1. Working only within region 201-210, note down all residues that are in contact with a helix residue (DSSP H, G or I) (Cβ under 8 Å, 6 or more places away or on another chain) and open to solvent by 50 Å² or more (accessible area, probe 1.4 Å).
2. For region 50-76, which positions are surrounded by fewer than 15 Cβ atoms within 10 Å (Cβ to Cβ), closer than 20 Å to Ala120 by Cβ and of a type in the set (Asp, Glu)?
3. Which residue, of Val169, Val197, Val213, is in contact (Cβ under 8 Å) with a residue 24 or more places away in the chain, within 16 Å of the chain's Cα centre (by Cα), open to solvent by less than 50 Å² (accessible area, probe 1.4 Å) and closer than 16 Å to Ile155 by Cβ?
4. Any idea which of Tyr90, Tyr47 is aromatic (Phe, Trp, Tyr), within 30 Å of Met1 (Cβ to Cβ), surrounded by fewer than 24 Cβ atoms within 10 Å (Cβ to Cβ) and in contact with a strand residue (DSSP E or B) (Cβ under 8 Å, 6 or more places away or on another chain)?
5. What residue, of Val79, Val118, is open to solvent by less than 30 Å² (accessible area, probe 1.4 Å) and touching a residue at least 12 places away in the same chain (Cβ under 8 Å)?
6. In region 1-40, which residue that is in contact with a Lys or Arg (Cβ under 7 Å, 6 or more places away or on another chain) and of a type in the set (Asp, Glu) is least open to solvent (accessible area, probe 1.4 Å)?
7. Got at least one residue in region 208-215 being part of a loop (DSSP other than H, G, I, E, B), under 30 Å from Met54 (Cα atoms) and at pLDDT below 85?
Amino acid sequence: MTTKIAIIDDHQLFREGVKRILDFEKTFEVVAEGEDGNQAVTIVEEYQPDVIIMDINMPNVNGVEATRQLIENFPESKVIILSIHDDENYVTHALQTGASGYLLKEMDADALVEAVKVVADGGSYLHPKVTHNLVREYRRLAGEGGGGYVGATEIRRPLHLLTRRECEVLQLLTDGKSNRGIGEALFISEKTVKNHVSNILQKMNVNDRTQAVVEAIKKGWVEVR
């Protein structure tokens with residue numbers, strides 16, 4: 001099945017670069033482009049894209065506000081926010097508004113393609129650097145709230161549930177590594193990494209990598225470093 005995509009960004013050159021990357025995927029089709037958050041609702045109404053890639057900083061109506069309007073009018077909308085900001089406050093605000101993904105503009109092509117596929121399938125996707133920052137903030141807040149287990153030094157690997165290799169992959173997910181980064185660290189292919197991640201999500205009964213990392217931290221299965 002073809003995944004229909006709309007790109008909303010006020011920089012034409014950046015839009016063209018994103019479109020060029022997506023056009024390499026045979027199952028992707030960029031059906032519409034816009035340069036302002038004001039156009040987002042109209043574009044979604046007319047083209048009904050499966051995924052909307054939205055810049056966070058735009059004139060008139062920014063990406064977060066445009067996402068809020070989209071979710072109000074089209075609750076099933078799947079939005080990936082593009083941003084230069086990796087601060088957890090930006091990320092949290094975007095996700096609370098209804099975004100399904102958050103990518104930094106320093107992303108590589110593989111991360112963009114992976115994010116679109118994950119979000120189109122109903123999951124959520126955060127840039128690995130953003131995930132790592134959120135994990136650190138979660139650890140800090142949990143520590144302040146008396147959740148001493150988060151700072152525990154003893155790590156209990158979930159060998160009753162995951163294989164040793166899957167435990168290694170889970171730890172590297174927590175470290176903020178992308179699939180490519182995990183593959184390089186473990187000397188395995190990206191395809192093998194994707195298979196391990198899928199197995200981890202299924203065994204942990206979670207929908208996406210971010211949920212897997214948060215659950216692993218809660219259970220003391222990984223180090224936050």
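The values are calculated or read from the model by the stated rules, or taken from the named source; none is laboratory data. Since this is a predicted model, take the numbers as computed values, not measurements. So basically every Cβ, Gly included, is an ideal-geometry build from the backbone, and we count neighbours across all protein chains shown. With ligands, DNA and RNA removed, areas are computed over all heavy atoms of the protein, side chains included. Shrake-Rupley method; radii C 1.70, N 1.55, O 1.52, S 1.80 Å.
1. Lys203, Asn207, listed by residue number.
2. Passing the criteria: only Glu76.
3. It is Val213.
4. Details: Tyr90 fails: within 30 Å of Met1 (Cβ to Cβ).
Only one candidate qualifies: Tyr47.
5. Val79
6. It comes out as Asp9.
7. yes
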